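J.: Following this message is one structure expressed as structure tokens.
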Amino acid sequence: MLRRKLAIELAYRPGGLLATKIYLHHVSTATTEGYASRPGGAQAELLAEVNDHEQQRNLELVLAEFRNYQQGILPTGPGARSLTEFSASIDEKLDPEAAAPRIQRNDRDVLNLLTKRAKTLHLGPANYCWFTDPSRALCLRLVGTPAADRPLIGMCDSVRCPQATHHPCHRPLWAEHADKTKIFIGQLGTARKTERSWLQVDLDRARRVDDEIDAASTSMTEESA
Ligand code: SF4
């Protein structure tokens, strides 16, 4: 039962299948794949449980993002506008009469409206991926499979994909990446100008993401102060 519980907890996370294989000491990946996704018997049951957990987690994340929106903490990244418009539309549905006093609906009402969107959510390495339209997925376009039904999270380039958003929970990851890149640049010899300029672009990008997250998180606080 412990191994089963661990498999459920691990397998739905990004890279979870490989983590499950390593942690459970499966000799071959096929065993883990069977554990998590092959139909039949306990495996199908496990997959159904994993999917249920994934959907529940997604709903909780989407609800948290919606509550963030209501508090003025906005997403950033190329998909931010779309997500903000979605949150605004839900907010309107909950409170159709703007002039009336704001009624705080309970989480169940809100969750009912967020369920469809939650099904499109995938967790990127340092971003959320809102996989609403495969033809707009940068990762799929890069590998030439624009009709696939799942994103290729391992190929994610969240700074350039129109379906990606960044949130305050991603800030530490980008900050850590920026710190490590800075150290790496400092260790490069002066002759390695090409690598240095590539890394500098990477560093600037990570800092820009962090700055954008900070700006989107603090604007409302400043306005209300
Ligand atoms: S590039 Fe990233 S955000 Fe865009 S669809 Fe692929 S995984 Fe999702």
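The values are calculated or read from the model by the stated rules, or taken from the named source; none is laboratory data. Not measured: the values here are computed from a predicted model. So basically every Cβ, Gly included, is an ideal-geometry build from the backbone, and we count neighbours across all protein chains shown.
J.: Restrict the check to segment 92-100 and report whether at least one residue is free of Cβ contacts under 8 Å to residues at least 40 places away in the same chain and in contact with a strand residue (DSSP E or B) (Cβ under 6 Å, 6 or more places away or on another chain).
T.: We begin by selecting, within segment 92-100, every residue free of Cβ contacts under 8 Å to residues at least 40 places away in the same chain; these are 92-100.
Right, trim to in contact with a strand residue (DSSP E or B) (Cβ under 6 Å, 6 or more places away or on another chain) and you get none.
For segment 92-100, residues free of Cβ contacts under 8 Å to residues at least 40 places away in the same chain and in contact with a strand residue (DSSP E or B) (Cβ under 6 Å, 6 or more places away or on another chain): absent.
J.: Can you tell me which residue is farthest from the chain's Cα centre (by Cα) among those in segment 125-157 that are more than 9 Å from the ligand (Cβ to nearest atom) and either on the phi > 0 side of the Ramachandran plot or surrounded by 20 or more Cβ atoms within 10 Å (Cβ to Cβ) (or both)?
T.: Here the answer is Gly144.
J.: Where in segment 113-225 are there helices (runs of 4 or more DSSP H), lying wholly inside it, with at least 1 residues that are among the β-branched types (Val, Ile, Thr), touching a helix residue (DSSP H, G or I) at 6+ places or on another chain (Cβ under 6 Å) and modelled with pLDDT of 95 or more? Working first, answer last.
T.: Values: elements: 138-143, 171-187, 193-224.
Result: 171-187, 193-224.
J.: For segment 1-15, name all the residues that are charged (D, E, K, R) and closer than 13 Å to Ile153 by Cα. Full working, then the answer.
T.: Going through segment 1-15, the residues charged (D, E, K, R) turn out to be 3-5, 9, 13.
Across segment 1-15, the qualifying residue is only Arg13.
J.: Also: Test each condition in (1) surrounded by 14 or more Cβ atoms within 10 Å (Cβ to Cβ); (2) within 16 Å of the ligand (Cβ to nearest atom) for Ala175 and report the one that comes out false.
T.: Going through the list (1) surrounded by 14 or more Cβ atoms within 10 Å (Cβ to Cβ); (2) within 16 Å of the ligand (Cβ to nearest atom), Ala175 breaks only (2).
J.: Next up: Count, please, the residues in segment 12-40 that happen to be surrounded by 14 or more Cβ atoms within 10 Å (Cβ to Cβ), of a type in the set (A, V, I, L, M, F, W, C) and at pLDDT 75 or above.
T.: Looking only at that region, the number is 3.
J.: Here's a follow-up. Hey, any hits in segment 90-112 for a residue that's β-branched (Val, Ile, Thr), surrounded by 14 or more Cβ atoms within 10 Å (Cβ to Cβ), within 16 Å of the ligand (Cβ to nearest atom) and modelled with pLDDT of 90 or more? Don't jump to the end; show me each part of the working.
T.: Of all residues in segment 90-112, those β-branched (Val, Ile, Thr) come to 90, 103, 110.
Adding the requirement that they be surrounded by 14 or more Cβ atoms within 10 Å (Cβ to Cβ) leaves 90, 110.
From the residues that got through so far, the ones that are within 16 Å of the ligand (Cβ to nearest atom) too are none.
No, every residue in segment 90-112 fails to be β-branched (Val, Ile, Thr), surrounded by 14 or more Cβ atoms within 10 Å (Cβ to Cβ), within 16 Å of the ligand (Cβ to nearest atom) and modelled with pLDDT of 90 or more.
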